[in-house]
Amino acid sequence: MSRADARLAEELARQAAAGRSRRRRTVEAREPGGVRVTVEGRECLSFCSNDYLGLADHPRIVAAFCAAARRWGVGSGASHLVSGHDAEHHALEEELAQFVARPRALLFSTGYMANLAVAAVLVGRGDRVLEDRLNHASLLDAGLGSGARFARFTHCDVAALRARLSKTGATARTLVMTDGVFSMDGDVAPLREVAAACRGTAAQLLVDDAHGFGVLGANGAGAVEEAGLDVDDVPILMCTLGKAAGTFGAFVAGSPTLIESLLQRARTYIYTTALPPAVAAATRESLRVMRDEPWRRSLVLEHAARFRAGLTDLGLASLPSRTPIQPVLVGADDAAVNVSNALFEQGFWVPAIRPPTVPAGTARLRVTFSASHTSTQVEQLLAALRALRTSGVLRQAASA
Ligand SMILES: *Cc1c(COP(=O)(O)O)cnc(C)c1O
């Protein structure tokens with residue numbers, strides 16, 4: 001073993017000893033809707049996808065994808081600013097802007113890259129970034145990587161945010177970033193209050209609505225639509241397309257000047273290959289399906305509410321989430337992994353989420369629902385949790 005590999009092996013061993021090793025499970029087959037899957041030879045019900053509306057294999061979206069691949073090919077061949085910006089990308093950007101009621105939108109290959117882009121273009125050394133403690137890793141990385149002074153405020157604590165904003169005087173070079181729906185907790189940020197706190201100052205607000213887009217709001221435009229906030233309230237809106245939209249990619253929506261600045265200056269936009277145009281075409285169809293089939297939004301939210309009420313009936317604590325993300329706090333890392341493994345043995349695939357993804361001592365099951373689940377499947381999961389609770393495998397730490 002080379003000396004470099006020996007060092008890496010030592011670090012891996014340390015991670016394993018701490019019970020923090022991560023492991024991928026290979027999905028060998030997926031039935032339509034993506035709920036019944038075969039994983040490592042075992043048939044099970046999946047409760048871990050972010051495909052909240054069950055659109056990832058929707059026949060209309062798959063057909064749009066295939067037709068576009070035949071017409072445009074697979075690869076875009078270049079970055080957007082060279083020759084990779086096709087008519088499908090362009091039309092999608094216009095439709096996305098309209099969907100979220102913003103003047104303009106810019107398509108990115110991933111949400112991670114979109115968040116890096118915003119922070120890099122808006123702030124730098126000498127500026128300030130303020131973030132909710134429980135923000136997604138991509139927002140934290142974006143803030144840290146921007147070179148600006150970085151501070152976190154207590155989760156959803158608008159008073160703490162206001163105090164931070166007033167402490168050193170917020171300028172237009174202060175960037176406030178928050179998840180719309182928190183990815184590991186499922187709760188919705190107090191967006192009206194956060195927006196009001198920022199509007200009282202010159203600070204810019206970015207809302208990352210990766211988990212609200214497609215799910216919340218009268219038209220499925222997300223947590224920001226639900227809160228009734230326009231582009232003046234939330235000048236920078238980032239949404240991803242690989243979750244409820246069922247495809248891949250992300251976009252930032254805002255003023256024409258903001259979007260033009262990202263296009264001109266963001267390195268994670270400029271120096272990367274454009275998404276395959278067929279993915280853009282599929283996403284265009286996905287927006288139409290979201291409009292035509294609003295029952296998907298209602299159904300997934302009904303499943304979440306049913307599950308939450310079921311947890312209470314079992315005497316288990318739930319988190320204050322009304323979204324498809326319904327965590328069951330366990331506490332200790334190994335306890336959460338044990339419950340996840342026991343569920344898997346019974347044919348339920350529910351991941352254990354451990355630090356550093358969540359704060360130490362708050363390891364949990366992250367249950368997610370989809371419009372493809374049936375109410376019977378929700379009941380089956382509750383019954384499995386009931387059995388694990390009775391047998392003592394599932395216990396919640398007092399602090400959790
Ligand atoms: C998934 C996610 C992202 C990253 O989006 P990708 O397109 O998967 O890179 C960003 N922010 C939040 C809150 C997310 O949940």
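Does Ala202 fit the bill of being without any contact (Cβ under 8 Å) to a residue 24 or more places away in the chain, more than 30 Å from Ala363 (Cβ to Cβ) and not aromatic (Phe, Trp, Tyr)? The answer is no for Ala202. What is the residue count in region 205-232 for residues that are without any contact (Cβ under 8 Å) to a residue 40 or more places away in the chain and open to solvent by 10 Å² or more (accessible area, probe 1.4 Å)? Qualifying residue count, region 205-232: 7. Does Ser340 satisfy the criteria of being in contact (Cβ under 8 Å) with a residue 24 or more places away in the chain and assigned to a loop (DSSP other than H, G, I, E, B)? No; evaluated as a whole, the condition is false for this residue. Those strands (runs of 3 or more DSSP E) of region 1-56 in which 2 or more residues are free of Cβ contacts under 8 Å to residues at least 24 places away in the same chain occupy 27-30, 36-39.
If only residues of region 68-111 that are of a type in the set (Phe, Trp, Tyr) and more than 19 Å from Ala223 (Cα to Cα) are counted, the one that is nearest to the ligand (Cβ to nearest atom) is Phe108. Against the list (1) outside any helix (DSSP H, G or I); (2) within 16 Å of the ligand (Cβ to nearest atom); (3) touching a helix residue (DSSP H, G or I) at 6+ places or on another chain (Cβ under 6 Å), the condition Tyr269 fails is (1). Taking region 122-145 as the range and being within 16 Å of the ligand (Cβ to nearest atom) and either over 20 Å from Ala197 (Cα atoms) or not assigned by TED's automatic domain parsing to the domain that holds Thr201 (or both) as the test, the residues that pass are His136, Ala137, Ser138, Leu140, Asp141, Ala142, Leu144, Gly145. Considering Leu206, Leu216, Leu229, Leu275, the condition of being assigned by TED's automatic domain parsing to the domain that holds Ala63 and more than 16 Å from the ligand (Cβ to nearest atom) is satisfied by Leu229 alone. Against the numbered list (1) touching a strand residue (DSSP E or B) at 6+ places or on another chain (Cβ under 8 Å); (2) farther than 17 Å from Thr312 by Cα; (3) open to solvent by 10 Å² or more (accessible area, probe 1.4 Å), Gln396 comes up short only at (2). Flag not set for Thr154, criterion: under 28 Å from His90 (Cα atoms), open to solvent by 50 Å² or more (accessible area, probe 1.4 Å) and of a type in the set (Ser, Thr, Tyr). For Gly75, the stated conditions hold: it is more than 25 Å from the chain's Cα centre (by Cα) and either at pLDDT below 95 or assigned by TED's automatic domain parsing to the domain that holds Thr268 (or both). Of all the residues in region 16-61, those that are over 24 Å from His211 (Cβ atoms) and within 16 Å of the ligand (Cβ to nearest atom) number 0.
Which count do you get for residues in region 159-181 that are in a helix (DSSP H, G or I) and either open to solvent by 10 Å² or more (accessible area, probe 1.4 Å) or over 24 Å from Gly228 (Cβ atoms) (or both)? Counting residues in region 159-181 that are in a helix (DSSP H, G or I) and either open to solvent by 10 Å² or more (accessible area, probe 1.4 Å) or over 24 Å from Gly228 (Cβ atoms) (or both) gives 7.
For region 75-118, the set of residues classified as in contact with a helix residue (DSSP H, G or I) (Cβ under 7 Å, 6 or more places away or on another chain), more than 23 Å from Glu226 (Cβ to Cβ), open to solvent by 50 Å² or more (accessible area, probe 1.4 Å) and not in a helix (DSSP H, G or I) consists of Gly77 only.
On inspection, Val378 passes the criterion of being part of a helix (DSSP H, G or I), outside the structural domain of Met184 (by TED's automatic domain parsing), modelled with pLDDT of 95 or more and not aromatic (Phe, Trp, Tyr).
What number of residues within region 129-138 satisfy the criterion of being open to solvent by 30 Å² or more (accessible area, probe 1.4 Å) and outside any helix (DSSP H, G or I)? Before you say what the answer is, go through the steps one by one.
Of the residues in region 129-138, the ones open to solvent by 30 Å² or more (accessible area, probe 1.4 Å) are 133-134, 136-137.
The next check asks that each one be outside any helix (DSSP H, G or I); those that pass are 133-134, 136.
Residues meeting the conditions: 3.
When you look at Thr26, is it touching a strand residue (DSSP E or B) at 6+ places or on another chain (Cβ under 9 Å) and open to solvent by 80 Å² or more (accessible area, probe 1.4 Å), yes or no? Yes: the conditions hold for Thr26. Scanning region 294-307 for residues that are in a helix (DSSP H, G or I) and surrounded by fewer than 18 Cβ atoms within 10 Å (Cβ to Cβ) turns up Trp295, Ser298, Glu302, Ala305, Arg306. Does region 299-320 contain any residue that is within 18 Å of the chain's Cα centre (by Cα) and under 20 Å from His155 (Cα atoms)? Yes, that holds for at least one residue.
Looking only at region 242-256, filter to residues that are buried (at least 21 other Cβ atoms within 10 Å of the Cβ) and farther than 28 Å from Gly124 by Cβ; which one of those is farthest from the ligand (Cβ to nearest atom)?
Gly246
Name the residues in region 182-202 that are at pLDDT 95 or above, open to solvent by 10 Å² or more (accessible area, probe 1.4 Å) and either part of a strand (DSSP E or B) or more than 16 Å from the ligand (Cβ to nearest atom) (or both), would you? Scanning region 182-202 gives Val188, Pro190, Arg192, Glu193, Ala196.
The values are calculated or read from the model by the stated rules, or taken from the named source; none is laboratory data. Computed from a predicted structure; not experimentally measured. Note that we place each Cβ from the backbone using ideal geometry, even for glycine, and neighbour counts take in every protein chain shown. All accessible areas refer to the heavy atoms of the entire protein, side chains included, with ligands and DNA or RNA removed. Shrake-Rupley method; radii C 1.70, N 1.55, O 1.52, S 1.80 Å.
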